[in-house]
Amino acid sequence: MLTATDVQLFYGETPAIRDAQISVDRGEVVAITGQSGSGKSSLLYCLAGVVPVADGEVRFDGRVLSYMDDDELSTLRRERFGFVFQYGELLPELTIEENAALPLRLIGQRKGPALAAAGEVLGRLGLGKMRRRRPSELSGGQCQRVAVARALVHSPSVVFADEPTGSLDTGNAAAVLKEFLNLARSMGTAVVLVTHDEKVAARADSRYTMCDGVLSSRAREATTT
């Protein structure tokens, strides 16, 4: 479904990604591990069509992202992709229900059905009774669950997660990650996550390791639950 072939990226004259090759199947959870500055987040944003590659190609459902114009890429990210960031990035003036419903509102769904769908996903993440609260009234782990709900509410094909539990303590990180991946798998949504945490990577179906812009070949994980 999603592939990168011989992808290269430079910041000035400095190579950030060197001839990366990666493939993501439908419903698969793929982890990209590596130290800070290794290039893993840069690769994630190339795969999501946020950062254009210098050479090589990224394909999604057979279409080369670099051949798509800005409007087509925006539509793709809005309708087929979801995103989870390290710090959630929720809008403080909205309730968590309204935050979670944003992707549906952006693709034109009416407010009532969008909020109902958001409430359902929040309920599956244990936040159904809190849906009218604002982010300031929630803990860090709860806010990250809202970010997960927002990423999955429109049933995207792929969710891109950049250190999705990096801002949480160990207990909250494990709980949020488990709920995130279980929900994504139940929906048939693929997940591409970058992390420096081996415990996070171990929950993926397969992993790649990045070092100084060089991506290793795929390794299958023995444990996927």
Taking first residues from the range 177-193 that are within 11 Å of residue 203 (Cβ to Cβ) and second residues anywhere that are surrounded by 18 or more Cβ atoms within 10 Å (Cβ to Cβ) and of a type in the set (Ser, Thr, Tyr), the pairs with Cβ under 8 Å that are 6 or more apart or on different chains are 177/165
Look through the range 153-176, keep the residues that are touching a strand residue (DSSP E or B) at 6+ places or on another chain (Cβ under 6 Å) and among the aliphatic types (A, V, I, L, M), and return whichever of them is farthest from residue 200 (Cα to Cα).
158
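Would you kindly identify the helices (runs of 4 or more DSSP H) lying entirely within the range 26-142 that contain at least 1 residues that are in contact (Cβ under 8 Å) with a residue 40 or more places away in the chain and of a type in the set (Lys, Arg)?
Values: elements: 40-47, 70-79, 96-106, 111-124.
Qualifying helices (runs of 4 or more DSSP H): 40-47, 111-124.
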Is there a residue in the range 66-86 that is closer than 30 Å to residue 169 by Cβ, in contact with a strand residue (DSSP E or B) (Cβ under 8 Å, 6 or more places away or on another chain), surrounded by fewer than 16 Cβ atoms within 10 Å (Cβ to Cβ) and among the polar types (S, T, N, Q)?
no
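So in the range 168-217, with the set limited to residues that are in a loop (DSSP other than H, G, I, E, B) and among the aliphatic types (A, V, I, L, M), which one is modelled with the highest pLDDT? Quick ask: steps written out before the conclusion?
Going through the range 168-217, the residues in a loop (DSSP other than H, G, I, E, B) turn out to be 168-169, 188-189, 196-197, 202-205, 212-213, 216-217.
Keeping just the survivors that are among the aliphatic types (A, V, I, L, M) gives 168, 202, 204.
Details: 168: 87, 202: 92, 204: 95.
Looking at the filtered set, the residue picked out is 204.
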Return yes or no: is residue 214 in contact with a helix residue (DSSP H, G or I) (Cβ under 6 Å, 6 or more places away or on another chain), in contact (Cβ under 8 Å) with a residue 40 or more places away in the chain, more than 10 Å from residue 32 (Cα to Cα) and not aromatic (Phe, Trp, Tyr)?
no
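Determine whether residue 18 is more than 11 Å from residue 208 (Cβ to Cβ), outside any loop (DSSP other than H, G, I, E, B) and in contact (Cβ under 8 Å) with a residue 40 or more places away in the chain.
Spelling it out, residue 18 is indeed more than 11 Å from residue 208 (Cβ to Cβ), outside any loop (DSSP other than H, G, I, E, B) and in contact (Cβ under 8 Å) with a residue 40 or more places away in the chain.
The values are calculated or read from the model by the stated rules, or taken from the named source; none is laboratory data. Note that the structure is predicted; figures quoted are calculated from it, not measured. All Cβ positions, even for glycine, are placed from backbone atoms using ideal geometry, and neighbour counts span all protein chains on display.
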